[in-house]
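Undergrad: Below you will find the structure I want to go over with you.
The values are calculated or read from the model by the stated rules, or taken from the named source; none is laboratory data. Please read these numbers as outputs of a predicted model, since none were measured by experiment. Cβ sites come from the backbone with ideal geometry, for glycine too, and all protein chains shown count toward neighbours. Just the protein is used for accessible areas: all its heavy atoms, side chains included, with ligands, DNA and RNA removed. Shrake-Rupley method; radii C 1.70, N 1.55, O 1.52, S 1.80 Å.
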Amino acid sequence: MRRRHVVAASLALILLTLLTACVSLPSSGPVTAGDPEPVEQSLELDTFVRPPQTDATQQQIVQGFIEAAASSRNRYQAARDYLTPAFAAEWQPEAGATIDVLSDRTYELTSETTMVVDATPAASLTSNGQYDLPESSAEVQLPYRLEQVDGQWRIAEAPPGLLVDEITFEEVFSQHALYFYDTDYRYLVPDLRWFAGRDSAQTSIVRALLAGPAEWLAPGVVSAFPEGMQLDPNSVPVSGGTASVGFSGASFDDLVTVQRMQEQLDASLIGSVRNVDEVALALDGAVQEVPPLSPEPEANPRVDARPVVFDGTDFGHLSASGESIEPIAGVSAQVAGLAPNGASVGPGAEAVAVRSGGGVAIVRTDEEAAPLDPRPGLVVPDIDPHGVVWSVPADAPGELVAFLPDGTELQIPVPWSGDSVAAIEVSRDGTRIIALLGEGSRTAFLAASIERDGDGFPTQLGPEVLRLASVAGTPLDVAWLDARRVASITALTGGETRVIIQVVGGLSEVVQGPADGISVVGGNGEGDLRVLTSTGDLDARSGVGWQVRASGIRFAATQQPD
């Protein structure tokens, strides 16, 4: 919602406007559930909607109900006013949401008491707040049944959840990153969710943490919260910048577990929820003084800000001026000697996975290259934070192989299908992998979690995938920009390209890429995105266009943190 400063002199006019239209007003008042201290007054804007009009038609009632559901105030009471008393008690708005294209929405009265709303899905929201893109953009039909109540039409049956258009969705719902751990508890891994009702966002976040990670992410991460734990009291009040979170129902004898719980709460609430600067944790009614973990887990591991490139002669870090390449001690000479056409740099730049005409090899500091994968037609390999090298043939997306540091070869079953795979890349926390696949005339951009054993080595990918934005064309490359954002590049006809920048589990931005772009490489955020062209230019975004930062580059390599 856009924030407005409302002064007393305007209040009368605004109240009159409420009679004919939806407007936004500041809502305020203490929230006292389980907390004797008054909660800070909220400056949150709440949407007030028009109630059912006398003698409204069936379409006006259905349309009014859909619009009224934009307000979550008082458990969606404005929307429940459009329902029969019996159905108002049964309707489940929290069951999820279909996010549609408003201009495509149509209403059809199929009988005196039934109506179908045709909607073109742009995305969906699960009951746990996970944002997902549909497998198909085919129209969906949502049925509604109406009854007369005291001579007025009311809805007696409707699909569970909400129907909300794209613009209203961004105004009503807010995104929040919940944080879980990788299996080594070294990294905090973001799990983006969307919740309506910003005043209650902190409660929604904590409840979602207790429920666990999203289904697609769950195999690759862990949570510090024990099973059976309950939020007690059943809300999270905020006062003086402190969110008070109480739990009961589980044993808390392990200090490390409590520390990890505190870290998850801090990462998920502070900076994500307005006016939350601190989190007070109470266990069985007793407020805890929790010392910080040492070492603290990283929430957004960073890579070297300098791109790693190869110009046909030298392999190493590109200087800020773009005019020279600084070799990486112990590996650059060996990599260059392989006549490489793609590479991935491992943690601390102590190992590099290299693709050349002979397949994929591994180069380690001051060691000769060791061959790993001789299969033809391989995509550029990726090396993850555990030193595992991932490799797959472009024309066989299901034949993914992981090579452990000792050379052991593991066949990794994949949850995706497609005609081809253009690129893969593992996240810097090692919990997720992104892939760009070809499916007929379109690309499929997706993410999957990585399940690992006690040694940190992969065993399989999660069975569910998270679909990311894609466009028609030829898939080219993918890159992690940071812990939460990814990018892909797709070729169109005539040398045009499209670059997608997307928050994992969130919204995307599709921009025109440089002409003849062939690959993308990430750094430490969206501003570090680089696109390499077929002419050897390494381009960076500059305003709405692209600017050449270096020339004569054969390829740019992915990097892992130190």
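Undergrad: Only one residue in T408, T365 is open to solvent by 50 Å² or more (accessible area, probe 1.4 Å), farther than 18 Å from V478 by Cα, out of contact with any Asp or Glu (no Cβ under 8 Å at 6 or more places or on another chain) and at pLDDT 95 or above, so which one is that?
TA: Details: T365 fails: out of contact with any Asp or Glu (no Cβ under 8 Å at 6 or more places or on another chain).
Testing whether each residue is open to solvent by 50 Å² or more (accessible area, probe 1.4 Å), farther than 18 Å from V478 by Cα, out of contact with any Asp or Glu (no Cβ under 8 Å at 6 or more places or on another chain) and at pLDDT 95 or above leaves just T408.
Undergrad: Looking only at segment 516-562, count every residue that is more than 26 Å from P301 (Cβ to Cβ), assigned to a loop (DSSP other than H, G, I, E, B) and at pLDDT below 95 and tell me the total. Step through it out loud before you land on a result.
TA: Here is the first cut: in segment 516-562, the ones more than 26 Å from P301 (Cβ to Cβ) are 516-518, 533-537, 542-548, 551-552, 554.
Subsequent filtering for residues that are assigned to a loop (DSSP other than H, G, I, E, B) retains 516, 534-537, 543-544, 551-552, 554.
From what is left, the residues that are at pLDDT below 95 are 543-544.
The qualifying residues number 2.
Undergrad: So how many residues does segment 371-395 have that are more than 27 Å from the chain's Cα centre (by Cα) and either assigned to a loop (DSSP other than H, G, I, E, B) or at pLDDT below 95 (or both)?
TA: Of segment 371-395, the ones more than 27 Å from the chain's Cα centre (by Cα) are 371-378, 393, 395.
Within this subset, residues satisfying the condition of being either assigned to a loop (DSSP other than H, G, I, E, B) or at pLDDT below 95 (or both) are 374-377, 395.
Going through segment 371-395 one residue at a time, the tally reaches 5.
Undergrad: Which pairs turn up if I take residues in segment 211-234 that are at positive phi and look for partners that are surrounded by fewer than 16 Cβ atoms within 10 Å (Cβ to Cβ) and in a loop (DSSP other than H, G, I, E, B) with beta carbon separation below 7 Å, at least 6 apart in sequence or on another chain?
TA: Partner pairs satisfying both residue conditions: G228/G249; G228/A250.
Undergrad: Still on this structure, please answer the following. Of everything in segment 185-206, what is of a type in the set (D, E, K, R) and at pLDDT below 95? Give them in sequence order. Don't jump to the end; show me each part of the working.
TA: So the first thing to find is which residues in segment 185-206 are of a type in the set (D, E, K, R), and the list is 186, 191, 193, 198-199.
Residues satisfying the conditions are R198, D199.
Undergrad: I've got another one for you. Please verify whether V414 is under 20 Å from V521 (Cβ atoms) and either open to solvent by 20 Å² or more (accessible area, probe 1.4 Å) or part of a strand (DSSP E or B) (or both), treating the condition exactly as stated. Steps first, answer last, please.
TA: Details: under 20 Å from V521 (Cβ atoms): no; either open to solvent by 20 Å² or more (accessible area, probe 1.4 Å) or part of a strand (DSSP E or B) (or both): yes.
Here the answer is no, as V414 does not meet what is asked.
Undergrad: To continue, here is another question. If F403 passes every condition in (1) touching a Leu at 6+ places or on another chain (Cβ under 8 Å); (2) open to solvent by less than 10 Å² (accessible area, probe 1.4 Å); (3) of a type outside the set (D, E); (4) within 30 Å of V503 (Cβ to Cβ) but one, which one does it miss?
TA: (4)
Undergrad: Turning to a different aspect of this structure: Just give me the residues in segment 283-316 being open to solvent by 20 Å² or more (accessible area, probe 1.4 Å) and either in a strand (DSSP E or B) or in contact with a Phe, Trp or Tyr (Cβ under 7 Å, 6 or more places away or on another chain) (or both), in sequence order. Don't jump to the end; show me each part of the working.
TA: Within segment 283-316, the subset open to solvent by 20 Å² or more (accessible area, probe 1.4 Å) is 284-296, 298-300, 302, 304-307, 311-314.
Scanning segment 283-316 gives A286, V287, E298, A299.
Undergrad: Report those strands (runs of 3 or more DSSP E) wholly inside segment 417-513 carrying at least 3 residues which are farther than 21 Å from P393 by Cβ. I'd like the intermediate steps shown before the answer.
TA: Numbers: elements: 420-426, 432-439, 442-452, 458-468, 474-480, 485-491, 497-503, 508-512.
Per the criteria, 442-452, 458-468, 485-491, 497-503, 508-512.
Undergrad: Do we have any residue at all in segment 143-160 that's in contact with a Gly (Cβ under 9 Å, 6 or more places away or on another chain) and either farther than 21 Å from T113 by Cα or open to solvent by less than 30 Å² (accessible area, probe 1.4 Å) (or both)?
TA: no
Undergrad: Additional query: Could you list, in sequence order, all residues of segment 509-534 that are touching a Ser or Thr at 6+ places or on another chain (Cβ under 8 Å) and open to solvent by 40 Å² or more (accessible area, probe 1.4 Å)? Walk me through it before giving the result.
TA: We begin by selecting, within segment 509-534, every residue touching a Ser or Thr at 6+ places or on another chain (Cβ under 8 Å); these are 512-518, 520-522, 531-532.
Passing the criteria: Q512, A515, D516, I518.
Undergrad: Going by the conditions given, is E108 over 30 Å from M261 (Cα atoms), free of Cβ contacts under 8 Å to residues at least 24 places away in the same chain and open to solvent by 50 Å² or more (accessible area, probe 1.4 Å)? Write out each step before concluding.
TA: On the way: over 30 Å from M261 (Cα atoms): yes; free of Cβ contacts under 8 Å to residues at least 24 places away in the same chain: yes; open to solvent by 50 Å² or more (accessible area, probe 1.4 Å): yes.
Here the answer is yes, as E108 does meet what is asked.
Undergrad: Which of the numbered conditions does R432 fail, given that it passes all the others? Conditions: (1) touching a Gly at 6+ places or on another chain (Cβ under 7 Å); (2) over 25 Å from P297 (Cβ atoms).
TA: Just one mismatch for R432, condition (2).
Undergrad: Can you confirm whether T84 is of a type in the set (S, T, Y), under 13 Å from Y144 (Cβ atoms), over 28 Å from the mean Cα position of the chain (by Cα) and crowded, with 20+ Cβ neighbours inside 10 Å?
TA: yes
Undergrad: Identify the single condition in (1) of a type in the set (D, E, K, R); (2) surrounded by 20 or more Cβ atoms within 10 Å (Cβ to Cβ); (3) under 30 Å from G212 (Cβ atoms) that R355 does not satisfy, given that it satisfies every other one.
TA: Tallying (1) of a type in the set (D, E, K, R); (2) surrounded by 20 or more Cβ atoms within 10 Å (Cβ to Cβ); (3) under 30 Å from G212 (Cβ atoms), R355 fails exactly one: (3).
Undergrad: Within segment 378-391, can you find the residues that are closer than 25 Å to D562 by Cα and open to solvent by less than 40 Å² (accessible area, probe 1.4 Å)? Before you say what the answer is, go through the steps one by one.
TA: The first filter runs over segment 378-391 and keeps only residues closer than 25 Å to D562 by Cα, leaving 379-391.
Result: V379, P381, D382, I383, D384, P385, G387, V388, V389, W390, S391.
Undergrad: When you scan segment 181-227, how many residues do you find that are open to solvent by 40 Å² or more (accessible area, probe 1.4 Å), within 21 Å of G161 (Cα to Cα) and more than 15 Å from the chain's Cα centre (by Cα)?
TA: Of the residues in that region, 5 qualify.
Undergrad: Identify, please: which residue in segment 115-142 is surrounded by fewer than 15 Cβ atoms within 10 Å (Cβ to Cβ) and in contact with a helix residue (DSSP H, G or I) (Cβ under 9 Å, 6 or more places away or on another chain) and is, among those, farthest from L507 (Cα to Cα)?
TA: Step by step, filter segment 115-142, then rank; the result is D118.
Undergrad: Hey, could you check segment 453-476 for residues that are open to solvent by less than 30 Å² (accessible area, probe 1.4 Å) and over 13 Å from the mean Cα position of the chain (by Cα) and say which is farthest from S534 (Cα to Cα)?
TA: G456
Undergrad: Could you tell me whether segment 226-242 includes any residue that is within 28 Å of G506 (Cβ to Cβ), in a strand (DSSP E or B) and among the hydrophobic types (A, V, I, L, M, F, W, C)?
TA: yes
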